[in-house]
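For reference, the structure discussed in these notes is given below.
The values are calculated or read from the model by the stated rules, or taken from the named source; none is laboratory data. If you're wondering where the values come from, they're calculated on a predicted model, not measured in any experiment. As a convention, Cβ positions derive from the backbone with ideal geometry for all residues, glycine included, and neighbour counts pool all protein chains shown. Heads up: the accessible areas ignore ligands, DNA and RNA and are worked out on the full protein's heavy atoms, side chains in. Shrake-Rupley method; radii C 1.70, N 1.55, O 1.52, S 1.80 Å.
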Amino acid sequence: MKTNTILLTILIALLGIGFNACDKIEGNPYETIQDTGTTIDGDTVKRVLLIEFTGHRCTNCPQAHQQLQILSETYGERIIPIAIHSGYYSDTTTTYPTNYTTPFGDNLTTLLNIDLYPRGVVGSLNKDAQKPLAEWAEAVAIEKDIPTTMAINIESSIENNTVISKATITNTKPEIALNDLKLYAVLVEDSVVSAQLNNGQLITDYVHNHVVRHGFTSHLGEPFVLNSESKFIYNFPVAIHSSWRAKKLSVVVFVTSEENKIIQAAYKHIE
Amino acid sequence: MANYIVKSNLRPFIFLTHSLKIMRKIVYSLALVSIAFSSLFSQEEDEKKGHFSGNFQIDAQTYMEDTITGADKAPEIMLMNSYANLRYTYGKLTAGLRFESYLNTLQGISNAYDGTGIPYKFFNYKSDELEFTVGNFYEQFGSGMSLRAYEDKTLGIDNAFEGVLVRHNPHKGIYLKGLVGKQRLFFDLGPGIVRGADAEIQLNEAFKLDSVETQITLGGSFVSRYQADRNPILKLPENVAIMATRLSVQRGGFSIVSEYGYKINDPSADNLNNYQPGQAIMSDISFTKGTFGMVVGGKWLNNMSFRSSRSAQNNDLMLNYLPAISKNHIYSLPAMYPYATQLNGEAGIKAEIFYRLKPKTLLGGKYGTLITLNYSRVQTIDTTNLPMLDSIRPHWNRYETSFLSIGDERLYEDISIDIQKKLSKRVKSFFSLQYSAYNRQYIEGKDGMIEAFIFVGDMTFSLKPKHALRAELQFLSTKQDYGDWVTAALEYTVSPHWFVALVDQYNFGNSDSDKQLHYYMVRTGYTKGANRIQIGYGRQRQGVICIGGVCRMVPASTGFNISISSTF
């Protein structure tokens with residue numbers, strides 16, 4: 001009995017020490033860091049692709065849009081967000097008439113088994129890469145520090161109501177072998193105004209950004225090998241749909257390597 | 001633990017080979033434990049006979065494509081969940097483990113379980129004053145407001161701890177518990193380290209007031225979670241604590257049970273990084289006298305989700321438990337729109353009155369009649385949004401609220417009357433009428449408010465000794481969702497071994513005539529002693545099942561199913 005009491009007293013004391021470390025955050029918890037890196041186009045600064053799965057009937061998704069804006073403010077061009085509208089929350093109704101879904105987005109949603117919204121995918125195109133909103137910032141911070149030897153340069157223009165784009169992929173250190181390469185390219189549109197459910201409230205003039213409008217490649221990507229100059233060039237045109245606004249369109253290209261890891265991404269606003 | 005995990009998509013025959021290997025490990029492990037016990041504690045003459053106990057369960061189902069219901073075919077054709085508990089007790093010592101196999105996981109339960117392993121194993125010593133467990137264990141403090149680790153295979157929940165648990169009884173009527181551990185996450189562990197302590201004092205026992213009719217019990221608990229902060233844009237609390245205090249008073253047929261909990265800042269995926277503290281209070285008052293009884297209760301909570309990982313969602317890594325205040329329904333149509341506690345905030349009340357009309361009275365009839373009235377209603381809490389810090393940063397506390405405030409939005413309402421009556425020596429009956437309103441718009445973000453009126457009739461006829469026929473008819477009427485439903489069931493039982501059942505659920509009121517479907521099911525089962533086998537075939541509609549206010553989605557399915565269970 002006495003021994004037991006001593007043992008338990010020790011345990012309670014240990015627990016007491018643990019409980020004292022109870023962290024109360026006073027005041028504003030937002031950190032004020034900036035890590036935007038260089039903005040030179042086509043270099044090997046690692047740019048982190050964040051694929052956001054969202055929907056206009058998803059009441060918590062605007063919180064994710066805010067988080068993306070904070071991350072963009074923090075990391076500048078080092079983060080490239082794209083928004084895939086898919087699943088039940090993207091169904092159209094009389095209140096939500098705009099159809100933002102695409103075959104590329106729907107297929108990627110199925111491939112990655114996305115069943116909760118909002119969700120973010122960072123680092124790889126695998127099921128276990130999907131993150132809840134609370135983990136986006138941490139995932140981006142980790143991913144941006146993973147070095148890459150790959151550079152992506154995008155040239156894009158509009159001719160005869162057609163977006164004509166060319167991506168040049170370069171391995172800047174040919175001595176480092178890159179295997180199982182696949183290229184993905186999508187067209188995104190910014191500043192699209194339409195309805196969105198936000199925390200239970202209908203916002204009729206909500207501004208949607210980074211909306212994936214078209215997949216130049218399939219959701220499984222375009223397999224490629226680098227040539228003798230450690231380069232690969234990919235041309236991809238698309239006619240501009242009547243519902244797209246040319247001035248708000250951009251092209252996003254990203255490349256995966258072994259185990260579907262996303263090793264580099266690039267963004268180009270179409271001039 | 002990871003050493004035992006085999007992630008696999010293998011076909012069943014390959015699984016059997018693998019299972020044998022794992023079972024061999026289990027038997028060796030238990031044999032070693034039993035030998036160790038025998039040699040170490042053989043001096044305890046009166047308790048030296050150890051014994052094994054355990055149970056086994058397998059649930060398997062085939063999944064066929066059904067273009068009518070939209071049910072998908074499983075690539076594996078058949079899916080299976082299975083487990084076996086083995087336990088060896090020797091005097092004051094107990095050791096045990098559970099082998100689990102999900103090849104692959106039945107639809108509706110997270111496929112993160114896919115694989116086989118031994119995720120649960122423990123060693124326990126229990127004396128009169130001290131008990132300790134190392135390994136895996138389940139535990140609950142009070143009602144579970146601060147901590148509850150439990151398993152429910154139907155929901156795919158298992159948040160067992162892996163660590164150390166100590167229980168101590170230093171004085172009669174005083175009960176202390178302490179634990180440190182991590183929680184189970186499928187075949188792995190969550191990232192958070194949980195520390196918890198609970199104390200309970202039964203005043204009558206502690207102060208030798210056994211003769212006093214009023215029984216009073218006081219309790220308090222404290223639970224803290226550690227999880228590293230790796231978020232570059234937010235300062236996150238690494239140690240988050242929840243504390244709760246509780247009171248139980250009982251006198252004759254009257255009792256009050258109440259618990260209050262408080263949680264410090266815990267920004268998480270559940271509350272979208274809301275830093276404001278959480279609070280909850282739950283109280284039940286009950287009274288019974290003779291054949292009359294009543295329970296009234298209330299619950300109010302704000303921001304009380306607590307998990308051992310701040311990014312966990314669904315039913316993963318839940319640390320506390322706040323049961324739904326609404327009635328638990330047994331029949332399928334009353335349970336079609338179940339309610340689960342809204343952990344970010346809700347205010348609810350409930351009341352239940354039951355009265356048994358005495359036999360051989362005008363209203364009670366020859367055998368008496370039990371009448372039960374139940375009512376529950378849940379509202380949002382009253383909140384005022386705080387202004388944004390700038391164009392993209394919401395205020396870290398999101399909104400303001402005051403304790404026990406009630407908002408304008410109705411989340412759920414349910415009123416029912418049940419009548420249970422034995423009509424003759426051979427006929428028993430149960431009838432129920434219910435109205436329920438479920439705010440699917442607020443809870444699931446779609447379809448507005450669903451209001452339904454439901455009738456249930458259930459009659460059991462004893463045809464001859466050991467032979468009984470049960471007939472069930474349910475009807476649900478609603479103008480929303482999929483419209484009206486009717487369910488009819490017949491079940492024939494030959495006690496104690498056999499039963500056969502036919503069930504048809506018909507969505508005759510669906511506004512889309514192509515979806516006015518029959519969901520039929522035929523089942524039969526055989527029970528002998530502690531062994532039971534059941535097989536069935538049919539369609540399962542898509543829906544939500546909830547147990548104790550915790551829910552999961554079940555997709556539509558069509559196919560054969562088999563269930564075998566055994567205890568020993």
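Restricting the chymotrypsin sites (Phe, Trp or Tyr not before Pro) of the stretch A:164-230 to loop positions (DSSP other than H, G, I, E, B) with no more than 14 neighbouring Cβ atoms within 10 Å leaves A:PHE224.
Residues B:ILE174, B:ILE415, sorted by accessible area with the largest first, give B:ILE415, B:ILE174 [1.4 Å probe; ligands and nucleic acids excluded].
The value of relative contact order for chain B, using C-alpha pairs under 8 Å at least six residues apart, is 10 percent.
Peptide A:113-122 is shielded by partner chain Cβ atoms: per residue, an average of 1 of them sit within 10 Å of its Cβ. In the context of the full protein assembly, A:VAL122 retains an accessible surface of approximately 10 Å², using a probe radius of 1.4 Å and ignoring ligands and nucleic acids. Ligands, DNA and RNA aside, B:LYS172 has an accessible area near 120 Å² when probed at 1.4 Å.
Ranked highest first by the average count of other Cβ atoms within 10 Å around their residues, in what order do A:253-263, A:22-32, B:332-342, B:302-312 fall? Before the final figure, lay out the partial values.
Numbers: A:253-263: 20.1, A:22-32: 13.0, B:332-342: 22.3, B:302-312: 25.6.
Going from most to least packed, we get B:302-312, B:332-342, A:253-263, A:22-32.
Excluding same-chain neighbours fewer than eight residues apart, the lysines reachable from B:LYS49 by a Cα-Cα span under 25 Å are B:LYS25, B:LYS92, B:LYS121, B:LYS126.
Straightening the chain between B:ASP447 and B:THR383 buys 20.7 nm, computed as 0.36 nm per residue apart minus the Cα-Cα spacing.
Per-residue shielding of B:387-396, expressed as the average number of other chain Cβ atoms within 10 Å of the residue Cβ, stands at 4. In the protein assembly as shown, helical runs assigned H by DSSP with n ≥ 4 each contribute -39500 (n - 2.57); averaged across all residues and rounded to the nearest 500, the mean residue ellipticity at 222 nm is -3500 deg cm²/dmol.
Residues within the reach of a label modelled at B:ARG393 (point 7 angstrom out along Cα to beta-carbon, backbone nitrogen below 18 Å), restricted to the stretch B:217-250, are B:230-237.
Taking the highest mean first, how do the peptides B:426-433, B:386-393, A:127-134 order by number of other beta carbon atoms within 10 angstrom per residue?
In descending order of packing, they fall as A:127-134, B:426-433, B:386-393.
With a Förster radius of 45 Å applied to the beta-carbon distance between B:GLN542 and B:ASP188, the computed FRET efficiency rounds to 0.95. Within chain A, the selection of entire DSSP H helices by a Cα span of 18 Å or greater along the long axis and an average Kyte-Doolittle value of at least -0.5 returns A:2-20. With the gyration tensor restricted to C-alpha atoms of the protein assembly as shown, the semi-axes of the equivalent ellipsoid amount to 49, 34, 30 Å, longest first. Sorting B:THR527, B:THR380 by solvent-accessible area of protein heavy atoms yields B:THR527, B:THR380, largest first, with a 1.4 Å probe. Ligands, DNA and RNA aside, B:TRP498 has an accessible area near 140 Å² when probed at 1.4 Å. Sorting B:THR369, A:THR204 by solvent-accessible area of protein heavy atoms yields A:THR204, B:THR369, largest first, with a 1.4 Å probe. Subtracting the Cα-Cα distance of B:ILE174 and B:PHE287 from 0.36 nm times their residue separation leaves 38.0 nm of extension gain. Round to a whole angstrom and tell me the spacing of the C-alpha centers of the stretch B:390-451 and the stretch B:58-106. With the stretch B:390-451 and the stretch B:58-106 each reduced to a Cα centre, they are spaced 32 Å. Over chain B, the Kirkwood radius and the radius of gyration, each from Cα atoms, give a ratio Rg/Rh of 0.97. Counting only lysines at least 8 places from B:LYS350 when in the same chain, those with an alpha carbon closer than 30 Å to its own are B:LYS153, B:LYS263, B:LYS289, B:LYS299, B:LYS327, B:LYS358, B:LYS421, B:LYS422, B:LYS428, B:LYS446, B:LYS479. For A:ASN160 and A:ILE146 in one chain, what is 0.36 nm times their gap in residues minus the Cα-Cα distance, to one decimal in nm? Between A:ASN160 and A:ILE146, full extension yields 1.0 nm more.
Show me B:111-119, B:404-412, B:314-322 ranked by packing, highest mean number of other Cβ atoms within 10 Å first. Each step should come with its number before you reach the end.
Details: B:111-119: 20.6, B:404-412: 16.1, B:314-322: 22.4.
Highest-to-lowest ranking by the protection proxy: B:314-322, B:111-119, B:404-412.
How many lysine pairs are close in chain A, with Cα atoms under 14 Å apart and the two 8 or more places apart or on different chains? Taking the Cα cut-off of 14 Å, the pair count is 11.
Averaged over peptide B:497-509, the number of partner chain Cβ atoms lying within 10 Å of each residue's Cβ comes to 0.
P(r) tail, the stretch A:41-269: Cα-Cα pairs separated by more than 28 Å, 27% of all pairs.
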